[in-house]
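In what follows, a structure is listed as structure tokens, so that the remarks can point back to it.
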Amino acid sequence: MRAIWKGAVSFGLVSIGVRLYSATEEKDIRFHQVHREDGGRIRYKRTCSVCGEEVTYDDIAKGYDIGGGEMVILTDEDFADLPLTSSRAIDVLEFVPAEQVDPILYNKAYFLEPEGAATKPYVLLRDALIDSERVAIVKVALRQREQLATLRVREGVLLLNTMLWPDEIRTPDFGFLDEDLKVRPPELAMASSLIDSMTGEFEPDVFTDDYRAALQEVIDAKVEGREVVQPEEVEEAPAAAVDLMAALKASVERAKAARGEQPAGGGGGAGEPTPISSARSAQKAAEKKAAKAPAKKTAAKKTAEKKAAEPAKKTATKKTAAKKAEPAKKTAARKTAPRKSA
């Protein structure tokens, strides 16, 4: 990893030299825009909308639109005069319980590494955070912008999480919030039961980005020049419309069955049928009956053919026996006939 920032954590009268590293990286597959005909890269030029000339980075400044077609131009000197006291420091403001920080405020994460002889105070701050079960609220300036952030410990390393300012969080304004909707106690109890039946320990490594893996497979196939075969996904038929309570109850039963638990009612027997389970049972019975019908007809047809063939077979047997008996009959007749006298 490459450090993107160097500075110090200001912890009371203690200063801890640190280097800052990006703690995360995006794994998205990136594409270039190309010409469909020949695969040539599409390039964009920075041109001025007034004179039409191409502009280099050195001639680009920041402009703030004040409306009415007027623009205020700010230069690097204007930004240099801004009072950023935390330009090279991470100032610890206070320590708070981690659960008091709303996760919606978190933005980006960075690892902090001790620099030089700052290892001991670094470890001291780390262990103190662990012992107090708190996070540090800090201010830091990154890329010419002062940001609020937290310092906490992850896998033995100080982790800096930059945060959004409170006025950057939007207030939800949706119509249903003003409606007087009531949830019945049985529905709430069943929903809680569903949550209990689906409760587990969060293991992030279990989850994978299936779309990215499939897309990579398509790209690899293109590279190798082989045909890409996309297997058809088997989708379950949509269940019939049922009331909320029945859907919750069926969901609980399915979740328990997935865990190998006995359904409600005990004794290993099935619980009371729900609209969903009844519909599925009826569907399976219909499919089973439809599968048996052709087999039954085929068996009946074979039996009829066998019965029809038996008389013909017996007749053929009699004829064959009679035919074989004729030479013997003739021989016997010859022996029986009297010889002519000489």
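The values are calculated or read from the model by the stated rules, or taken from the named source; none is laboratory data. Owing to the predicted nature of the structure, the values given are computational and were not obtained by experimental measurement. Ideal geometry is used to build each Cβ from the backbone, glycine not excepted, and the neighbour counts take in all protein chains shown. These accessible areas exclude ligands, DNA and RNA; they are computed on the full protein's heavy atoms, side chains included. Shrake-Rupley method; radii C 1.70, N 1.55, O 1.52, S 1.80 Å.
Of R145, R154, which residue is open to solvent by 80 Å² or more (accessible area, probe 1.4 Å), at pLDDT below 90 and under 26 Å from E25 (Cα atoms)?
R145
Only one residue in R212, R170 is open to solvent by less than 100 Å² (accessible area, probe 1.4 Å), within 30 Å of I104 (Cβ to Cβ) and at pLDDT 85 or above, so which one is that? Steps first, please.
On the way: R170 fails: open to solvent by less than 100 Å² (accessible area, probe 1.4 Å).
Criteria check complete, one pass: R212.
For the range 173-206, name all the residues that are more than 22 Å from S251 (Cβ to Cβ) and either open to solvent by less than 100 Å² (accessible area, probe 1.4 Å) or over 29 Å from the mean Cα position of the chain (by Cα) (or both). Steps first, answer last, please.
Filtering the range 173-206 down to residues more than 22 Å from S251 (Cβ to Cβ) leaves 173-180, 203-205.
If the condition is that a residue be more than 22 Å from S251 (Cβ to Cβ) and either open to solvent by less than 100 Å² (accessible area, probe 1.4 Å) or over 29 Å from the mean Cα position of the chain (by Cα) (or both), then G175, L177, D178, E179, D180, P204 are the ones that fit.
Just one of I66, I16, I73 is among the aliphatic types (A, V, I, L, M), assigned to a strand (DSSP E or B) and surrounded by 10 or more Cβ atoms within 10 Å (Cβ to Cβ); which is it? Reasoning before the result, please.
Working: I66 fails: surrounded by 10 or more Cβ atoms within 10 Å (Cβ to Cβ); I73 fails: surrounded by 10 or more Cβ atoms within 10 Å (Cβ to Cβ).
Checking each option against the conditions leaves just I16.
Tell me which residues, restricted to the range 43-80, are in contact with a Ser or Thr (Cβ under 6 Å, 6 or more places away or on another chain) and acidic (D, E). Even if it seems obvious, please write down each step before you answer.
Taking the range 43-80 and keeping what is in contact with a Ser or Thr (Cβ under 6 Å, 6 or more places away or on another chain), we get 54, 61.
Of everything in the range 43-80, just one residue is in contact with a Ser or Thr (Cβ under 6 Å, 6 or more places away or on another chain) and acidic (D, E), namely E54.
So for the range 56-77 (the condition being under 30 Å from I219 (Cα atoms) and either without any contact (Cβ under 8 Å) to a residue 12 or more places away in the chain or not polar (S, T, N, Q) (or both)), does at least one residue qualify? Full working, then the answer.
First pass over the range 56-77, keeping only residues under 30 Å from I219 (Cα atoms): none.
No.
I'd like the full set of residues that are assigned to a loop (DSSP other than H, G, I, E, B) and basic (K, R), limited to the range 39-63. If you could, list the steps in order and put the result at the bottom.
First, the residues of the range 39-63 that are assigned to a loop (DSSP other than H, G, I, E, B): 39-40, 42-46, 48-53, 55-56, 60-61.
Hits for the range 39-63 are R43, K45, R46.
Quick one: count up the residues across the range 128-140 that are out of contact with any Lys or Arg (no Cβ under 8 Å at 6 or more places or on another chain) and open to solvent by less than 70 Å² (accessible area, probe 1.4 Å).
So the answer is 6.
Quick one: in the range 83-116, of everything that is in contact (Cβ under 8 Å) with a residue 40 or more places away in the chain and part of a helix (DSSP H, G or I), which residue is surrounded by the most Cβ atoms within 10 Å (Cβ to Cβ)?
Checking each candidate, the answer is L105.
Could you please give the count of residues in the range 250-264 that are open to solvent by 70 Å² or more (accessible area, probe 1.4 Å) and modelled with pLDDT under 75?
3
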